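The values are calculated or read from the model by the stated rules, or taken from the named source; none is laboratory data. It should be emphasised that the depicted structure is a prediction, and the values quoted were computed from it without experimental measurement. All Cβ positions, glycine included, derive from the backbone under ideal geometry; neighbour counts span all protein chains shown. We work out accessible area using only protein heavy atoms, side chains counted, and drop any ligands, DNA or RNA first. Shrake-Rupley method; radii C 1.70, N 1.55, O 1.52, S 1.80 Å.
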Amino acid sequence: MSGALPVLDRPLTRNVRADRSPTDMAAYEANGGYRGLRAALAMSAADCLQVLKDSNLRGRGGAGFPTGMKWSFVPMGDACSPGHKYLICNADEMEPGTFKDRLLMECDPHQLVEGMICAAYTLQADVAYIFIRAEYHKATRLLQEAIDACKAKGYLGDNILGSGYNLEMHVHSSAGRYICGEETALISSLEGKRANPRAKPPFPQVSGLWGRPTIVNNVETLCNVHHIIERGADWFQSLGLTADAGTKLYGVSGRVKNPGCWELPMGTPVREIIEEYAGGMEEGYQLRGFLPGGGSTDFLTVEHLDLAMDYDTIGKAGSRMGTGTMIILDDKTCPVGFVKNLTEFFAQESCGFCTPCRDGLPWSAQVLDDIEHGRGLPEDMDTLQRQVAFIGAIGNTHCALAPGAMEPIQSALKYFREDFERHIDGGSCPYCDGGNS
Amino acid sequence: MQPDNPITNLLGQYRDIPGGLLPLLHAIQREVGYIPPDRVPAIAHAMNLSRAEVHGVISAYHDFRTEPAGRHTLQICRAEACQAMGSRALEDHAKQSLGVDFGDTTADGAITLERVYCLGNCACSPSVRIDDSVHARVDPARLDALLAELGEAG
């Protein structure tokens, strides 16, 4: 957290210290830690779920699906066949430009563990996994330490705090694959297979990890759970400025004066985040556009600065709030090169299962590379438009990776079309002396 | 198969863990630095999988290597925020000063150069990762200094 911020209720980052040192068990408990767990265990699982539903918590991983509703599809009690139920935390933060989950895990690992115990109790899951990026070494170590500390205190293991509820928790290191962020691909990977997504239905809530009911949630989502159970749905609703409840970790990266990550009320206007918290653009740079929530979201531009950063508002403007971590496109960076770089990433990360993604994305990257280097032809614009229409349509591909990859291309064609045309007409990149093409 | 072979020891530890193949491959790579292709049949046998399944998993994930890497690994982030802050100049500098391309190891076996998309450190771009440490706001001079600290110069 940086800059002089007004005093706000920031449940998720209240233990984040200026030097980013991790909060240990003693410090976490001294600041009210594991009270949410005790509150949850004093309630029935059904009551916990109702509070979650009433709170209107929406998934913070990008899709914004209501968490309570997602959980309500998990079979409970006698409706569930005997065997394990799983809760998985998706900590495989690989969306380009996203750095919020790392902050939460490195600075306050116990918060995630407590949120997960409460979530697992609500679902009556008996095994929980934290599926984490291999690159996040420090977070992996801290989470394992937090889990060990919880076992020693009786917060994990058998008969948690005398409630009769049992839960074991494991940290599982991924092996570097963006597609693992997709929940069914993550499940395949956790089973020790290639990270190929699976067809839905069946949905993981019914048949997920090893064919058992499974919930996969993002780190930030799970970090909210015990706060909501302890302090109530009305409190959570009151945190947000718009219809979407709670707080959100917003990030800004690129050529701004003070790039960073801040927990702010859900629905904080984009302008306030970029100009006040991120300090506005660096001297000599102007804002041309921004990806509101990571590499797989549509560009928005200056005209969208006064929109509220929440799921519905950004969705209506033709993009997605995604992870809420914005990447700024400045006026000295070539938009064609910017989009090409992203497309190369998505092409590399295709699992190869379906043809539109496996072959379509490298083709798009090649067309963009040609345009960027002045080899483009006027008809390449039509080729790109066709690819966007075909690959971007939900239902033409096995999962959402390729449609997500098309979002920056389609919006760049809409907002920065003259840049593409200048490359094609001039036969070279007009930004080349900026050093970014 | 010698009983003291480190891979053989690991096979016994992971065969009963559900979904144990990825943790096993991580452990082998930690132990010997890469996954030797000639050990794939033994891995498959231990995990009750086909060789094709094991090969499929090894080749599906970027982190697994099938040949030894250098003593140190340098990863340069090439996601958008780092690119906007000059990581391409850093890439060129690294390639030139090390005399290798991405995916290659220097002739003395000291450093393997890799590219990575996003280290999750976008507020402090450009970022590099050397072995397990992420370094922020790295320019060519700082990169030279960091590499010099490895004590591999010469």
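See the values below:
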quantity: Any hit, the stretch A:152-171, residues being buried (at least 20 other Cβ atoms within 10 Å of the Cβ), in contact with a Pro (Cβ under 9 Å, 6 or more places away or on another chain) and on the phi < 0 side of the Ramachandran plot; calculated: no
quantity: Verdict on B:VAL32 being at negative phi, at pLDDT 95 or above, away from every other protein chain (no Cβ under 14 Å) and open to solvent by less than 60 Å² (accessible area, probe 1.4 Å); calculated: no
quantity: A:THR323 vs. criteria touching a helix residue (DSSP H, G or I) at 6+ places or on another chain (Cβ under 6 Å) and touching a residue at least 24 places away in the same chain (Cβ under 8 Å); calculated: no
quantity: Any hit, the stretch B:88-110, residues being more than 7 Å from every other protein chain (Cβ to nearest Cβ), within 24 Å of A:VAL339 (Cβ to Cβ), hydroxyl-bearing (Ser, Thr, Tyr) and open to solvent by less than 50 Å² (accessible area, probe 1.4 Å); calculated: no
quantity: Subset of the stretch A:96-127 (residues that are within 19 Å of the chain's Cα centre (by Cα), over 17 Å from A:ARG38 (Cα atoms) and among the aliphatic types (A, V, I, L, M)); calculated: A:LEU103, A:LEU104, A:MET105
quantity: Residue check, A:GLY176 in the same structural domain as A:LEU103 (by TED's automatic domain parsing), more than 25 Å from A:LYS248 (Cα to Cα) and not charged (D, E, K, R); calculated: yes
quantity: Matching option when the condition is at pLDDT below 95, open to solvent by 50 Å² or more (accessible area, probe 1.4 Å) and more than 10 Å from every other protein chain (Cβ to nearest Cβ), among B:PRO41, B:PRO68; calculated: B:PRO68
quantity: Complete set of residues in the stretch B:122-149 that are open to solvent by less than 20 Å² (accessible area, probe 1.4 Å) and either within 13 Å of another protein chain (Cβ to nearest Cβ) or in a loop (DSSP other than H, G, I, E, B) (or both); calculated: B:CYS122, B:ALA123, B:SER125, B:PRO126, B:SER127, B:VAL128, B:ILE130, B:VAL138
quantity: Residue within the stretch A:206-218 that is more than 14 Å from chain B (Cβ to nearest Cβ) and surrounded by fewer than 23 Cβ atoms within 10 Å (Cβ to Cβ) present; calculated: yes
quantity: In the stretch A:234-282, the residues that are in contact (Cβ under 8 Å) with a residue 60 or more places away in the chain, closer than 20 Å to B:SER125 by Cβ and assigned to a strand (DSSP E or B); calculated: A:LEU249, A:TYR250, A:GLY251, A:VAL252, A:SER253, A:VAL256, A:GLY260, A:CYS261, A:TRP262
quantity: Residue in the stretch A:189-208 that is of a type in the set (Ser, Thr, Tyr) and either assigned by TED's automatic domain parsing to the domain that holds A:GLY395 or touching a residue at least 60 places away in the same chain (Cβ under 8 Å) (or both) present; calculated: no
quantity: Pair list, Cβ < 8 Å and 6+ apart or interchain, from the stretch A:45-74 residues that are at pLDDT 95 or above to residues that are part of a loop (DSSP other than H, G, I, E, B) and aromatic (Phe, Trp, Tyr); calculated: A:ARG58/A:PHE65; A:GLY59/A:PHE65; A:PHE73/A:PHE203
quantity: Residues being part of a helix (DSSP H, G or I), facing another protein chain (nearest Cβ under 10 Å) and in contact (Cβ under 8 Å) with a residue 60 or more places away in the chain - total across the stretch A:160-188; calculated: 4
